[in-house]
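Each reported figure results from applying straightforward, stated rules to the coordinates on display, with no laboratory input. Computed from a prediction, not measured in an experiment: that's the story for all the values here. Neighbour counts are summed over all protein chains in view; Cβ atoms, including those assigned to glycine, are modelled from backbone coordinates with ideal geometry.
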Amino acid sequence: MKLVTFKSNIGLRLGVVRTNGGVTPIPGMDMLSLIEAGEARLKKARTDTGYMLSLAELELAAPIPTPRRNIFCVGMNYREHAAESLRAKGRPVVMPDVPVFFTKATTTVIGPTDDIPFDASVSTKLDWEVELAVVIGRRGKNIRRSEAWDYVFGYTILNDISARDLQHSHGGQFFKGKSLDGTCPMGPWIVTRDDLPDPHKLRMVCRVNGVVKQDWHTGDMVFDIPTLIEWLSRGMTLLPGDVIATGTPHGVGFARNPPEYLKPGDVVECEIEELGALRNRVVAV
Ligand code: MG
């Protein structure tokens, strides 16, 4: 099932995308309350009938427009990307032996077609990162790898836009450079877990102004989704609606020779097989 959050004249609304391109609104709920309501409510949403809107005519917001807490992210989780990043920093190429975690502030989140703000007084080195994002469906702590899939609600696409000039200049931690407003395009919808049996078999592409910059597949993660959930939930409770960005493959701008960054007017597209695409324009503010 595909679930969308869309903009309407009475505010943000939740809906189910039907195979005929229609969207059935779910009244009185948002994405977080639907996730928390559990399996039975989800089943009902699947079969709910009622009036339909046309998906083509809707303006979509991020599926979870205001996450309850920061987006969890994983750095260096694709082999070639880890290698290109380390090379660009002049460090030895060694794969991490545990996942590299950091977070993005909730105020980074924007919709699948919203503009990415570019404020040259803050950063001139915005970079792209197409990522598969996992949405957690159930509260859990110390989740074992073997049971991790039970905690997954679904999947979406996320562009982990990164201000490279800030990313490493604040004590060596990523938070500030990953948390500028509008630097987390997300969507276009959540595909529920039952509709995507193998999220490790998906092609992922990032284009800037139509030119392919990243083109890889989700099967090449250093730590797969169950392993990430196991590590992240060790001694730390995961909540329904938490979002985990599982890392980006090689082809990012800062590791290119010469380095490339986004500039006003650029259009960045992130596409993942079975999940759709994000298309965001960079706009000077
Ligand atoms: Mg990233």
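Across the stretch 201-218, what is the total count of residues that are touching an Asp or Glu at 6+ places or on another chain (Cβ under 9 Å) and either surrounded by 17 or more Cβ atoms within 10 Å (Cβ to Cβ) or not in a loop (DSSP other than H, G, I, E, B) (or both)?
Step one: of the stretch 201-218, the residues touching an Asp or Glu at 6+ places or on another chain (Cβ under 9 Å) are 201-210, 213-214, 216-218.
Now narrow it down to the ones that are either surrounded by 17 or more Cβ atoms within 10 Å (Cβ to Cβ) or not in a loop (DSSP other than H, G, I, E, B) (or both): 202-208, 213-214, 216-218.
Residues meeting the conditions: 12.
Cβ-Cβ under 7 Å, sequence separation 6+ or interchain: first residue in the stretch 145-172 and in contact (Cβ under 8 Å) with a residue 12 or more places away in the chain and part of a strand (DSSP E or B), partner aromatic (F, W, Y) and within 14 Å of the ligand (Cβ to nearest atom). Which pairs?
Close Cβ pairs (under 7 Å, with a partner that is aromatic (F, W, Y) and within 14 Å of the ligand (Cβ to nearest atom)) amount to N159/W128.
Take A255 and tell me if it is more than 18 Å from the chain's Cα centre (by Cα), on the phi < 0 side of the Ramachandran plot, within 14 Å of the ligand (Cβ to nearest atom) and not charged (D, E, K, R).
Yes; evaluated as a whole, the condition is true for this residue.
Which of the residues belonging to the stretch 240-252 are surrounded by fewer than 21 Cβ atoms within 10 Å (Cβ to Cβ) and either within 13 Å of the ligand (Cβ to nearest atom) or under 16 Å from R164 (Cα atoms) (or both)?
Within the stretch 240-252, just H250 meets the criteria.
Of all residues being outside any strand (DSSP E or B) and under 19 Å from C206 (Cα atoms) in the stretch 125-143, which is farthest from the ligand (Cβ to nearest atom)? Just the residue, please.
K125
Suppose we keep only residues that are more than 12 Å from the ligand (Cβ to nearest atom) and among the β-branched types (V, I, T) within the stretch 156-185. Which one would you say is farthest from A120 (Cα to Cα)?
Looking at the filtered set, the residue picked out is T156.
Cβ-Cβ below 8 Å, separation at least six or inter-chain, first residue in the stretch 177-197 and at positive phi and touching a residue at least 12 places away in the same chain (Cβ under 8 Å), second part of a loop (DSSP other than H, G, I, E, B) and not aliphatic (A, V, I, L, M): which pairs?
Close Cβ pairs (under 8 Å, with a partner that is part of a loop (DSSP other than H, G, I, E, B) and not aliphatic (A, V, I, L, M)) amount to G182/D114; G182/D115; G187/P63; G187/G111; G187/P112.
Across the stretch 223-239, what is the total count of residues that are closer than 16 Å to Y78 by Cα and buried (at least 20 other Cβ atoms within 10 Å of the Cβ)?
Summing the residues that are closer than 16 Å to Y78 by Cα and buried (at least 20 other Cβ atoms within 10 Å of the Cβ) in the stretch 223-239 gives 3.
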